[in-house]
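FYI, it's all coordinate maths here, none of it is from the lab. Model, not experiment: these values are computed from the prediction. No Cβ is skipped: glycine too gets one built from the backbone with ideal geometry, and neighbour counts run over all protein chains shown.
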Amino acid sequence: MKVCELKEKFGFAELNIEDGQREINGVYCGDLLSWVMGRAKESNAWITIMSNVNVLAVASLSDVACVILSEGVLLDDEVLKTAQSKGINVLSSPYPTYETAVMLSKA
Amino acid sequence: MVTVRYMDKLIKFEFDVDGTDFTSAGQASVNVKKHLRQLGLSPEVIRRVSIAMYEGEINMVIHAKGGKAEVNVYEDRVEIILRDTGPGIKDINLAMQEGYSTATDNVRSLGFGAGMGLPNMKRYTDNMEIESVLGEGTTIKMTVNLN
């Protein structure tokens, strides 16, 4: 599944899309950043409720396909600007983390 | 940042890690990632180097008010050296255990302080050496092999 399909299929909001054609190869859920760094795999979709700027560094360094903020969490303007400058795909799901992950697993 | 090239065999990057601004932590790692990509190293090597370095950077910001990072690229390996003049690590074996952390609640609220920093650095590198003296600082040297 491609990042650009998340909006159409599930109604997730696209906060910043740099590479919509990026393929998602799995899902990782977690809010502890170091844990995510150690466990998330390249090209995973990472679901979290954390929305601070460090999330973007972790997303960039662990090379996930996209960050999906669950529970309708959005990015502050400053963090959004950083996402744009770093070219990181970020979406927001209105659903809790578990439900968001289940939706992706069934896709 | 300083970039030095020695006879095409070694490229060296040096960074000051700013210990006063937690939100800018990761700048050095992101920079290194960009440079390693330009050098054409494999995505897996780049991922391992940048994750290990980021964890080190975060540790320096959390515990040591910053420090210096040096990355040396050899033909067969990438070497990362992180130096700080922080309080030092009291018990390195304990600090290496997953889940052990001395980070503050404020740091935890940002999603760090899970006690995964040093274990991740070890997991993502082929070799890691820690030298730490209480009250003087810590130096960590990590190596990622290219082959």
What's the ranking of B:128-135, A:47-54, B:19-26, B:83-90 by average number of surrounding C-beta atoms within 10 Å, highest first? A:47-54, B:83-90, B:19-26, B:128-135
What is the packing order of peptides A:8-20, B:48-60, taking the mean over residues of other C-beta atoms within 10 Å and listing the highest first? B:48-60, A:8-20
At what distance in nm do the modelled label points of A:M1 and B:D16 sit from each other, each positioned 7 Å from its Cα along Cα→Cβ? 4.6 nm
Would you work out the relative contact order for chain B, in percent, from Cα pairs under 8 angstrom that are 6 or more residues apart? 25 percent
Cα-derived Rg to Rh of chain B, Kirkwood definition: 0.96
Rounded, prolate or oblate, given the Cα gyration tensor of chain A, with a/c below 1.5 counting as rounded? rounded
For the stretch A:5-106, percent of DSSP beta bridges that are antiparallel (nearest 5) comes out at 20 percent
How many angstrom lie between the Cα centre of the stretch A:14-57 and the Cα centre of the stretch A:63-107? 7 Å
In degrees from 0 to 90, rounded to the nearest 10, what is the angle of the helix B:43-64 Cα long axis to the longest principal axis of chain B? 40 degrees
For the stretch A:5-106, calculate the relative contact order in percent as a whole number, restricting contacts to Cα pairs under 8 Å that are 6 or more residues apart. 33 percent
Can you give the FRET efficiency for A:Q21 and B:T23, using 1/(1 + (r/R0)^6), R0 = 30 Å, r = Cβ-Cβ distance, to the nearest 0.05? 0.50
Summarise the partner chain shielding of B:109-119 as one whole number: the mean count of Cβ atoms from other chains within 10 Å of each residue's Cβ. 5
Among rounded, prolate and oblate, which fits the protein assembly as shown when a ≥ b ≥ c are the square roots of the eigenvalues of its C-alpha gyration tensor, a/c under 1.5 means rounded, and a/b larger than b/c means prolate? prolate
Under 5 Å from the placed amide H of A:C29, counting only residues 5+ away or on other chains, we find A:I47
Could you tell me the calculated FRET efficiency between A:E99 and B:R77, based on Cβ-Cβ distance and R0 = 30 angstrom, to the nearest 0.05? 0.10
Which whole number gives the average count of other chain Cβ atoms within 10 Å of the Cβ atoms across peptide A:27-34? 5
Multiply the residue gap between B:Q38 and B:V133 by 0.36 nm, knock off their C-alpha separation, and tell me the result in nm, one decimal place. 30.5 nm
